[in-house]
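Encoded as structure tokens, the structure appears first; notes follow it.
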Amino acid sequence: MTQDLASAVQPAPAAPAQGGSVGAALRGLRQAKGWSLEEVSSRIKFSARQIEALEAERWDELPAGVSLRGLIRNYARLLGADGAAVVASLDGQAHAPAAANLAASRSLHGGGLPVDEERSTGGSWGWIIVIVALLAVGVAYAFWQGWLPRQWLPSQWF
């Protein structure tokens, strides 16, 4: 089956738009299994709108970069195809739209990473502070209830 997909996703040199695309191959595999977009959506946790856009190859409606590759890889695996081969065949088809999205994103954000590729570390510090505060309250409560020995406290706190 992966060989069928590999031959189906490679565009024909003369007419790449005649059903030899990644989206058409994935749609054909999904329809051969008799699955609806909603069934696939519930299994791979991407919206039916994104899967439909992938099958129609509307690249501007899809996330760029790692998110797009993950969507395609997971979708191909679900259908029983080789996800890595499908993603590799995507590079030739979605290269221009992905490059345009990346260039537009970099120009909007000062040349840094694209918005969907940025990592935020501000939220993790907040969680660390909350966890440390809860631990301190728990230890104080344990001393107050007498669950922990008073010898563990500094002598000036008695």
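Restricting to segment 45-58, name every residue that is part of a helix (DSSP H, G or I), within 14 Å of residue 90 (Cβ to Cβ) and either open to solvent by 30 Å² or more (accessible area, probe 1.4 Å) or without any contact (Cβ under 8 Å) to a residue 24 or more places away in the chain (or both). If you could, list the steps in order and put the result at the bottom.
From segment 45-58, those part of a helix (DSSP H, G or I) are 48-56; that's our starting set.
Next, only the ones that are within 14 Å of residue 90 (Cβ to Cβ) stay: 53-55.
Selection gives 53 alone.
Report, by residue number, each residue of segment 59-82 that is open to solvent by less than 50 Å² (accessible area, probe 1.4 Å) and over 17 Å from the mean Cα position of the chain (by Cα). Outline the logic, then answer.
Taking segment 59-82 and keeping what is open to solvent by less than 50 Å² (accessible area, probe 1.4 Å), we get 59, 62-65, 67-68, 70-72, 75-76, 78-81.
Across segment 59-82, the qualifying residues are 79, 80, 81.
The values are calculated or read from the model by the stated rules, or taken from the named source; none is laboratory data. Everything numeric in this text was worked out from a predicted model, so none of it was measured. Cβ sites come from the backbone with ideal geometry, for glycine too, and all protein chains shown count toward neighbours. In case anyone asks, the SASA skips ligands and DNA or RNA and just uses the protein heavy atoms, side chains included. Shrake-Rupley method; radii C 1.70, N 1.55, O 1.52, S 1.80 Å.
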